[in-house]
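Q: Before I ask anything, here is the structure I am working with.
The values are calculated or read from the model by the stated rules, or taken from the named source; none is laboratory data. In this text the structure is predicted, and so the values were computed from the model without any measurement. So basically every Cβ, Gly included, is an ideal-geometry build from the backbone, and we count neighbours across all protein chains shown.
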Amino acid sequence: MITVEELVVRYGSATALDGVELQVGAGEMVALVGPNGAGKSTLVDTLSGVVRPASGRVATEGRFAHVPEGRQLFGDLSVEDNLRLGAWRVRDRDPRHVYGVLPDLEGLRGRRAGALSGGQQQMVAVGRALMGRPDVLAVDELSLGLAPKIVDDLVRHLVRLNREEGMAVLLIEQNARLAFEVCSRAYVLEAGRVVAAGACDELARGS
Ligand code: ADP
Ligand code: ADP
């Protein structure tokens, strides 16, 4: 669903990604972990077309969606308007199927997004990404700044979508322990290079 080959991305003279190889297959849940500045967001931005590679190849199959770092909601608009507007590429903008997946959102539909807690805002950001019924979802720093209980709850929703609907997931996390718990495979990115890749249980044992 995601193929990244020999990817090089530069910002001016600085190399943010340097020969990255990564694959996410249909129905897989894969982690991309690494410290701040490793190049994780740059990789997602390249997948979503915001950043252009200097060389190499990125490709996504099927419908691709991503949950951006920092959520990026319209704070003055309602939850439901965020779902509809944020999914402007989607023809069918009825959020009902998203409320089916994330029932808590339905109770919040009329609330101003900016007035919600961080965890609720992250749920809106996930819901917005689900509006287009993606085949593959990249989630950038789901856990950042959130309480562990809320993170667990959100991650469980993603795991369920993965298991029950076969949605492939790329979980991009600074929190490697969390990512290793729920993913089968992982890539470790450091300073723009993949320094380790493999099964999560093996990577967790080695670290
Ligand atoms: P992250 O947590 O992913 O490292 P940052 O806080 O570094 O995020 O980056 C936030 C925003 O600033 C992003 O859009 C990123 O592309 C941009 N950014 C990061 N580093 C630089 C930089 N050195 N020069 C200009 N923009 C940057
Ligand atoms: P991560 O998401 O792992 O924190 P980023 O992809 O945000 O890493 O950043 C990778 C590197 O690229 C960092 O050194 C960052 O400062 C730099 N960078 C990111 N965005 C920009 C930008 N828009 N302009 C210049 N440098 C950037």
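Q: Which one of these is more than 16 Å from ligand 1 (Cβ to nearest atom), of a type outside the set (Phe, Trp, Tyr) and either in contact (Cβ under 8 Å) with a residue 12 or more places away in the chain or buried (at least 21 other Cβ atoms within 10 Å of the Cβ) (or both): Ala113, Ala196, Ala125, Ala191?
A: Answer to the selection: Ala113.
Q: Given (1) at pLDDT below 95; (2) under 18 Å from Leu146 (Cα atoms), where does Arg89 come up short, assuming only one miss?
A: (2)
Q: Where in the range 25-118 are there strands (runs of 3 or more DSSP E), lying fully within it, with 3 or more residues that are within 16 Å of ligand 2 (Cβ to nearest atom)?
A: 29-33
Q: Which ranges mark the strands (runs of 3 or more DSSP E) fully within the range 127-207 that have 1 or more residues being under 30 Å from Trp88 (Cβ atoms) and at pLDDT 95 or above?
A: 136-140, 168-173
Q: Identify the residue in the range 8-24 that is within 12 Å of ligand 2 (Cβ to nearest atom), over 21 Å from Leu144 (Cβ atoms) and not aromatic (Phe, Trp, Tyr) and, among all such residues, is surrounded by the most Cβ atoms within 10 Å (Cβ to Cβ).
A: Checking each candidate, the answer is Val20.
Q: Within 16 Å of ligand 1 (Cβ to nearest atom) and assigned to a strand (DSSP E or B), is that true of Leu22?
A: It is false that Leu22 is within 16 Å of ligand 1 (Cβ to nearest atom) and assigned to a strand (DSSP E or B).
Q: Just name the residue that is farthest from the chain's Cα centre (by Cα) out of those in the range 25-49 that are surrounded by 17 or more Cβ atoms within 10 Å (Cβ to Cβ) and away from ligand 1 (no atom under 15 Å from the Cβ).
A: Glu28
Q: Could you please tell me which pairs satisfy a Cβ distance under 9 Å, a separation of 6+ or placement on different chains, a first residue in the range 46-58 that is farther than 19 Å from Met1 by Cβ, and a second residue that is within 13 Å of ligand 2 (Cβ to nearest atom) and among the basic types (Lys, Arg)?
A: Hits for this filter: Ala54/Arg10.
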